Amino acid sequence: MKRFTILLLLLLCPVFCRAAEEPLPQMIERALSVAREQSLIMAETLQGMEGRFPRTFENGQLVTEDYRWWVSGFFPGVLWQLYADAPDVRLLAYARMMTDRAEPVKLMTDTHDLGFMLHDSFGQGYKLTADPHYLEVLKTGIRSLLTRWSPELGVIKSWESSARWKYPVIIDNMMNLEYLCFMSRETGDKQLMDIAKRHADVTLQNHFRSDYSSYHVVSYDPATGAPHAKNTAQGYADDSAWARGQAWGLYGYTMMYRETLEPRYLEQARHIAHFLVNHPRLPEDKIPYWDFDAPDIPDAPRDASAAAVMASALIELSTLDPSKDAALWLETAEQQLRSLSSERYLAKPGTQGGFILMHSTGNYPAHSEVDVPLTYADYYYIEALLRLKAQLAHPSGAE
Ligand code: GLY
């Protein structure tokens with residue numbers, strides 16, 4: 001009898017476990033409440049640190065950078081997103097304070113990261129406030145970004161030329177295209193959209209392998225127009241699948257399909273999504289190891305930032321993909337957000353210097369930012385939570 005009872009309980013366990021699962025709307029609100037609490041703590045700390053932006057939290061210390069480091073747009077963007085969800089005068093004041101700090105970025109011509117730095121700060125702020133000064137900053141920033149555009153090669157240069165790379169373009173650069181698309185619509189300048197499409201097309205041609213994983217760095221030879229090197233900088237090996245790079249690609253092509261409705265971008269996003277979602281080394285909790293080919297899996301560090309970017313992209317893809325795979329994209333993103341919102345990844349309020357997520361990996365080969373909070377993990381986590389919230393409220397995708 002006792003054995004029968006135990007057997008019955010084991011059989012019913014999945015039913016009980018499922019019943020015990022926190023409803024998604026409740027999970028989203030709980031996570032957003034932690035995010036607000038943490039972000040206000042961080043903003044208050046930064047208020048007294050003129051010109052500084054959060055980067056990570058290591059050895060019990062908040063690590064900050066000035067506007068020139070590529071992450072300067074993310075914390076302003078975190079604040080804008082939280083403000084959009086739940087308007088609050090403190091969030092608005094801090095969002096403006098952090099956005100103003102990023103203004104000198106508009107004149108930077110030695111980086112391609114202006115999409116992250118300006119679109120996620122001034123762009124988010126402009127969408128919510130229509131502040132004309134924000135638009136002026138965005139216009140100046142686009143001019144700076146276009147100094148890196150090569151009409152001959154059809155790509156925006158990511159990093160400066162070096163002995164190793166003549167004209168390096170990294171997969172991350174797909175993320176800057178949203179800034180071009182947004183400004184093209186905002187100003188009516190069609191050339192900006194053409195540049196975004198050309199960069200996406202050339203990247204599609206040269207960055208991907210036959211399994212739709214991507215190289216991190218492709219360097220072009222200006223003399224021939226063809227790639228002369230395909231390498232990694234932040235991944236395990238040249239031919240490995242660096243997790244965040246795969247997520248940037250997925251997000252980039254999903255976004256390009258949303259902006260253009262060109263079927264080739266949807267097709268590419270679907271291929272990348274299949275590679276990621278069905279990968280045999282994607283762990284059960286769906287939070288990728290920092291590189292899908294890291295040799296020490298399952299002991300390799302995870303990258304919560306890759307999961308956050310991937311979740312946000314998959315939710316959007318689920319609204320754009322008319323095939324039955326849409327359900328798989330949404331289900332995977334939900335699993336990722338459940339994991340990120342668990343105590344394993346979500347910081348306890350009052351800890352981690354005000355960062356929201358733990359366990360990201362920035363640059364493993366450089367022994368930099370391994371298994372730590374990262375400001376961009378927080379940015380895409382909030383974006384994903386808000387996208388899921390909108391999706392649950394309007395399941396057809398109509399807002
Ligand atoms: N673009 C920098 C990174 O993804 O680490």
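Please list, in chain and number order, the residues 5+ apart from L357 or on another chain whose amide H is under 5 Å from its amide H, with Hs placed from the backbone.
A347, L374, D378
Over the Cα atoms of segment 111-244, each weighted equally, I'd like the Debye log10 I(q)/I(0) at q = 0.18 Å⁻¹, rounded to two decimals.
-0.97
Segment 119-179: which GluC sites (Glu not before Pro) are DSSP loop and have at most 16 other beta-carbon atoms within 10 angstrom?
E152, E160
Using only DSSP helix segments of four residues or longer, with each worth -39500 (n - 2.57), what per-residue ellipticity at 222 nm results for the chain after dividing by its residue count and rounding to 500? Please list the in-between numbers first.
On the way: 13 runs with 202 residues, N = 399.
Dividing the helical sum by the residues of the chain leaves -16500 deg cm²/dmol.
Report the GluC sites (Glu not before Pro) located in segment 245-336 that are in a DSSP loop and have at most 14 other Cβ atoms inside 10 Å of their Cβ, or state none.
Here the sparse-neighbourhood loop sites are E284.
For segment 31-115, which GluC sites (Glu not before Pro) are both in a DSSP coil and crowded by at most 13 other Cβ atoms within 10 Å? Intermediate results must be reported in sequence, preceding the final value.
Values: sites: E37, E44, E50, E58, E65; in loops: E50.
Taking segment 31-115 and a limit of 13 other Cβ atoms within 10 Å, the loop GluC sites (Glu not before Pro) found are E50.
Averaging sequence separations of C-alpha pairs under 8 Å and six or more residues apart, then dividing by the length of segment 232-314, give the relative contact order as a whole percent.
Normalised by residue count, the contact order of segment 232-314 is 39 percent.
Which order results if S144, S214, S323 are arranged by neighbouring Cβ count within 10 Å, fewest first? Can you show the working numbers first?
Numbers: S144 17, S214 27, S323 10.
Ascending number of Cβ neighbours within 10 Å: S323, S144, S214.
Scan the chain and report its longest stretch carrying no trypsin sites (Lys or Arg not before Pro) that are both in a DSSP loop and have at most 13 other Cβ atoms within 10 Å.
It works out to 1-163.
Under the Kirkwood approximation applied to all pairs of distinct alpha-carbon atoms, what is the hydrodynamic radius of the chain in Å?
21.5 Å
Check the chain and count each lysine pair with an alpha-carbon distance under 26 angstrom, considering only pairs eight or more places apart or from different chains.
25
For a quick check: with amide H placed at 1.01 Å from N, whose amide H comes under 5 Å from T56's, ignoring anything fewer than 5 positions away on the same chain?
HN-HN under 5 Å from T56: V63.
In whole percent, what relative contact order does segment 81-171 give with Cα contacts below 8 Å and a gap of six or more residues?
Details: 93 pairs, mean separation 22.2, N = 91.
Contact order relative to length: 24 percent.
Taking the alpha-carbon centroid of each part, what is the distance from segment 314-358 to segment 24-39 in angstrom?
12 Å
Pop the C-beta distance of E331 and S33 into the FRET formula with R0 = 25 Å and round what comes out to the nearest 0.05.
0.50
Where the convex hull is taken over the Cα atoms of segment 87-156, what is its projected area averaged over directions, in nm²? Don't skip to the answer; put the middle values down first.
Numbers: hull surface 19.3 nm².
So the Cα hull casts an average projection of 4.8 nm².
For segment 334-399, what is the largest minus smallest coordinate of the Cα atoms on each principal axis, given in angstrom and ordered from greatest to least?
Largest first, segment 334-399 extends 44, 27, 18 Å along its Cα principal axes.
Two decimals is fine: what's Rg over Rh for segment 181-266, C-alpha atoms, Kirkwood radius as Rh?
Numbers: Rg = 14.2 Å, Rh = 14.0 Å.
Dividing the radius of gyration by the Kirkwood radius yields 1.01.
Is any helix in the chain, taking whole DSSP H runs, at least 20 angstrom long along its axis by alpha carbon and on average at least 0.5 on the Kyte-Doolittle scale, and which ones?
Going by DSSP H runs, the hits are 2-20, 304-320.
Quick one: if the Förster radius is 30 Å, what FRET efficiency do D371 and R68 give, using the C-beta to C-beta distance and rounding to 0.05?
My answer for the efficiency is 0.75.
Under the rule of at least 5 residues apart or a separate chain, name every residue whose amide H is placed under 5 Å from the amide H of V155.
Result for V155 returns S150.
Please order S210, S342 by the number of other Cβ within 10 Å, starting at the fewest.
S210, S342
Any read-out appearing in this document is the output of simple, stated calculations on the displayed coordinates, not a laboratory observation. Keep in mind the model is a prediction, meaning the values are calculated, not measured. As a convention, Cβ positions derive from the backbone with ideal geometry for all residues, glycine included, and neighbour counts pool all protein chains shown.
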